[in-house]
């Protein structure tokens, strides 16, 4: 939606609303498998057998067709083993991967930007086999009992596996997934009493964990050194009850003069439930100096920073220093339209992984009857996902309604493309004023932010004192 007279490419919002051929059929097949997983595959009934057959039929003609068909047949008879559950998880990932690719193709068509695949040598397997087998065994038990059949005895089987994995840095990614998944399941036991089951979410977690137990899946990514200028666009803050992650989206301009491309830099930290709002930044700042640059509106000069083929910077302050002031909206208007994306890693190909930085300008914002904020431009509309706007910043739905330009992430959710705002531009006394969701990342003078930071500091001090008391005992 960038007007051509501003030097950018025009984003065709009409293409985002058009139907994507085959997408509904793919998601219907995935839903069929997820229904079977909800009930469990220990003693499947006719309904589960039919759902598995529908799922397997969707993969006809693919390289996985024969293995998934065999696995579906064994599962329908209640005789599936670990290798069959692994094949079913792979088939599910393949279907969702095709949905991801179709969505990304539509996004590229709408934005005029392309994604480039970067070839790198693969990483060799090195994980302890016994732990991977134990994890697969536990996940297979979950598939047999189903979400309606879970109890504390089944769910608690993950505890020893997670504890053993945490000692190995190569396995912490899988350990964190299993730990969080088991915690969600434990909080929902017994499954038979659940009024609502998050069928898609739990099936996503189950299938991803199952595939991460395969040799080489959790190996450290192969990287190449990157040198150049990093121009931040905004921060996506993701919060869970016990963890928080900040992901900075930026345009990277290589020092050698090659075309700019999109990158991400992420930092995660465990958190107590009492730390919320602006206090979250205290947990993240010590691990990512880039957050201070975002808060100050500066570029970063990086030299030899490890970069994955997917565009993720493995951040190290030893490879970075603050650069000149860099306005995010200037970057969005000038550099973003010419920046290419990087292809998504195979295991990350999922509709939920679609998060493409875009710049939207010259729209009219309004709220629907249900309160949904909608941007209108040239006769087309784009819904805004205000639920993703973090409380740890000054950006609010009211600010979005008063805006005329927006930097955001284009996502796909609930069957439609939606825009997650990272920053908006409004006019105050005839002057353009930018409001960023991550404005408090590096610190703030805002009164509300200061209060939240103080509350977080007090809560952390109390927790440290209690922890010290327990250790002394």
Search result, residues across segment 286-303 that are surrounded by fewer than 19 Cβ atoms within 10 Å (Cβ to Cβ) and in a helix (DSSP H, G or I):
286, 287, 292, 296
Those residues that are closer than 19 Å to residue 217 by Cα and either part of a loop (DSSP other than H, G, I, E, B) or touching a strand residue (DSSP E or B) at 6+ places or on another chain (Cβ under 8 Å) (or both), I need them from segment 125-172; list them, please.
125, 126, 127, 128, 166, 167, 168
Identify, from the list 435, 384, 424, the residue that is farther than 17 Å from residue 295 by Cβ, touching a helix residue (DSSP H, G or I) at 6+ places or on another chain (Cβ under 7 Å), crowded, with 18+ Cβ neighbours inside 10 Å and at pLDDT 85 or above.
384
Mind checking which pairs have a first residue in segment 335-354 that is on the phi > 0 side of the Ramachandran plot and a second that is surrounded by fewer than 20 Cβ atoms within 10 Å (Cβ to Cβ), Cβ under 7 Å, 6 or more apart or different chains?
none
Looking at segment 344-367 only, could you name the residues that are under 15 Å from residue 249 (Cα atoms) and in contact with a strand residue (DSSP E or B) (Cβ under 7 Å, 6 or more places away or on another chain)?
354, 355, 356, 357, 358, 359
How many of the residues making up segment 238-282 are in a strand (DSSP E or B) and either out of contact with any strand residue (DSSP E or B) (no Cβ under 7 Å at 6 or more places or on another chain) or under 24 Å from residue 318 (Cα atoms) (or both)?
22
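The values are calculated or read from the model by the stated rules, or taken from the named source; none is laboratory data. If you're wondering where the values come from, they're calculated on a predicted model, not measured in any experiment. Positions of Cβ are generated from backbone atoms using ideal geometry, with glycine treated the same way; all protein chains shown enter the neighbour counts.
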